[in-house]
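The structure appears below as structure tokens.
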Amino acid sequence: MAATDAAALKVDKSAKIFVAGHRGLVGSAVVRCLRSAGYTNIILRSHSELDLTIQSAVKTFFSIEKPQYVILAAAKVGGIHANATYPADFITINLQIQTNVIDSAYRYGVKKLMFLGSSCIYPKNALQPISESALLTGPLEHTNEWYAIAKIAGIKMCQAYRIQYKWDAISAMPTNLYGPNDNFHPENAHVLPALMRRFHEAKVSGAKEVVVWGSGSPLREFLHVDDLADAVVFLLENYSGLGHVNVGSGKEVSIKELAELVKEVVGFEGALVWDGSKPDGTPRKLMDNSTLAKLGWEPKISLRDGVVGTYEWYVKYTKQQ
Amino acid sequence: MTVTDTAASKLDKSAKIFVAGHRGLVGSAVVRRLRTLGYTNLILRSHSELDLTNQSAVKTFFTIEKPQYVILAAAKVGGIHANNTYPADFITINLQIQTNVIDSAYRYGVKKLLFLGSSCIYPKHAPQPIPESALLTGPLEPTNEWYAVAKIAGIKMCQAYRLQYKWDAISAMPTNLYGPNDNFHPENSHVLPALMRRFHEAKVSSAKEVVVWGTGSPLREFLHVDDLADAVVFLLENYSDLGHVNVGSGKEVSIKELAELVKEVVGFEGELVWDSSKPDGTPRKLMDSSTLAKLGWEPKISLRDGLVGTYKWYVTTQ
């Protein structure tokens, strides 16, 4: 259905909305987007104010605050190294957050809940582009199976509550995200922020070259987190189905194109060198976004514009550190 | 390794062992087996004494009791109809029980935890016999995917705690179980107790026939719950590794052979009629139990003996 036809379903602008995980990449973007869209009654709790892994604290919060909508963007996230070192944290913390929030949201009168996951819920060797139906059809990527199992359980909880209680719970699964508030940590950042940081540091230090692992040929999809937040609000306003929904840009770039774009945006004038002896990673990873497209949503931020804006944010942010 | 080689690794008979779910089919059999083997320091809590879905109650229990071993046999279980009607209960209650017990067990000094699941963790179209490696290689059976996803998460939690904390958590996945304390409910029991009840009621009411759905040709594997309990104690005493372990009997019977055997054991003298217009269900379901066999364990109770004993129990208690 198109956004205009669904005006009648739109969420009341004064509705109380709890955005769990509002400090993270996704949560902070969702808060920005809700505020721009005129939603003013947004409830936020930092980790120290509300530990979502504590069942009784979550129950108390919901019984007192009684939000009408919940966007569950709080999670224990991290890269390959973190998942490999702390698998118990990745599976348990995420299961606890999800079980507590979804169950209490249902029991304390929340009208609708949106659960966020990521593309790593899908099988390692899923057909590309990856459609929602690929879920649980094959083995997971071993390096993030702990996080993936927890997120799959979250999707299944939402479906189960819809079936048993006719309660409105939906799930959205974004592709690789980037943007302000991303993780730029030198050891565990994802590829786009890692490249941005490395080119920036090379520019600032006058380095002659930046060496990037692999051949540059793998294809990847990126979505600016402000587009993701827009899709989240769109789905909250327009979608109440059983199936989880992929959220991607539908646009692929090679790692080589990405690296060259980031180098240009950052303004690094040295050489970009490819170390072809190092591994490439999976050859292609692209989500099938036709479900969301048929609902009438499309992304607005081009990769170039998104990288430019993110770099502006990064420069300001690093100056403040 | 064989049982005799591992005498040194056997648990101290006075060790404090918490059997969660001690009233269920599996938990009650585990308690019986532990007691028979001389484990005397068992901690048991009914649901009303300790609600395992309550995180703070579970934490409090572990800080006070500090068991050294935990056998996690508590779960929300049920048949096809129950899973279809209460999917939220099946996924949430099991996730809560598991997350609370496994995490608190680790944090409060438990030496070793054994987590129990079932064969429905495996893909609907897994190769037969089903090896442990079939896990997550294909779509689940939709009618029990809620329970299955929760149980898979439990297996993965045990593996994750072993990897991150070097903590001794293991998982055992039994095949279809039967025996005393099973569910004989007329609408939602599994095939073996359902047949037993129906033949018994037909005998008692002198019915002329019992009609069973399907052709009788599907193949199934059954394990007496006392054998499962024996395997559980064996694994607790002898196994400390990352992979979950299948526990099966390795013996297949057709539903036809099963029905005829149950009819004979119960002593129903009327007709056994097959309604082949009704569906058969999956053609074959057998676990690959070679991992456990290589460790030196094998079941002891034949299907006939097991049915005889179960029927005796049924008649005296139901």
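A few comments on the model shown:
- Percent of beta bridges antiparallel (DSSP, the protein assembly as shown, rounded to nearest 5): 10 percent
- Computed on segment B:182-257, with alpha-carbon pairs under 8 angstrom and 6+ residues apart, the relative contact order is 32 percent.
- Relative contact order for segment B:7-150, counting Cα pairs under 8 Å that sit 6 or more residues apart, in percent: 24 percent
- The accessible area of B:Lys66, taken with all protein chains in place and a 1.4 Å probe, comes to roughly 110 Å².
- With 29 Å as the limit on Cα-Cα distance, the pairs of A:Lys111/A:Lys316; B:Lys263/B:Lys294; B:Lys10/B:Lys166; A:Lys294/B:Lys156 that go past it are A:Lys111/A:Lys316; B:Lys263/B:Lys294; A:Lys294/B:Lys156.
- Using the Cβ-Cβ distance between A:Ser215 and B:Thr143 with R0 set to 45 Å, the FRET efficiency works out to roughly 0.45.
- Each helix, a run of at least 4 DSSP H residues, gives -39500 (n - 2.57); summed and divided by the residues of the protein assembly as shown, these come to -13500 deg cm²/dmol at 222 nm.
- Ligands, DNA and RNA aside, A:Arg284 has an accessible area near 80 Å² when probed at 1.4 Å.
- Only protein heavy atoms count here; on that basis, with a 1.4 Å probe, B:Glu141 has an accessible area of about 60 Å².
- Shown is the FRET efficiency for A:Val308 and B:Ser56, computed with R0 = 41 Å from the Cβ-Cβ distance and rounded to the nearest 0.05: 0.25.
- Probing with 1.4 Å while keeping every protein chain in the model, the per residue accessible area of segment B:165-295 equals 43 Å².
- With both labels modelled 7 Å from their Cα along Cα-to-Cβ, the A:Ala207 to B:Ala207 distance reads 7.9 nm.
- q = 0.16 Å⁻¹, segment A:27-157: log10 I(q)/I(0) [Debye, one scatterer per Cα]: -0.88
- The relative contact order of chain B comes to 20 percent, based on Cα pairs under 8 Å that sit 6 or more residues apart.
- Label-point separation in nm, A:Ser131 to A:Arg35, each point 7 Å along Cα→Cβ: 4.0 nm
- Extending 7 Å from the Cα toward the beta-carbon at both B:Asp241 and B:Asn188 defines two label points whose distance is 3.7 nm.
The values are calculated or read from the model by the stated rules, or taken from the named source; none is laboratory data. Keep in mind that this is a model prediction, so the values were computed, not measured. Positions of Cβ are generated from backbone atoms using ideal geometry, with glycine treated the same way; all protein chains shown enter the neighbour counts. With ligands, DNA and RNA removed, areas are computed over all heavy atoms of the protein, side chains included. Shrake-Rupley method; radii C 1.70, N 1.55, O 1.52, S 1.80 Å.
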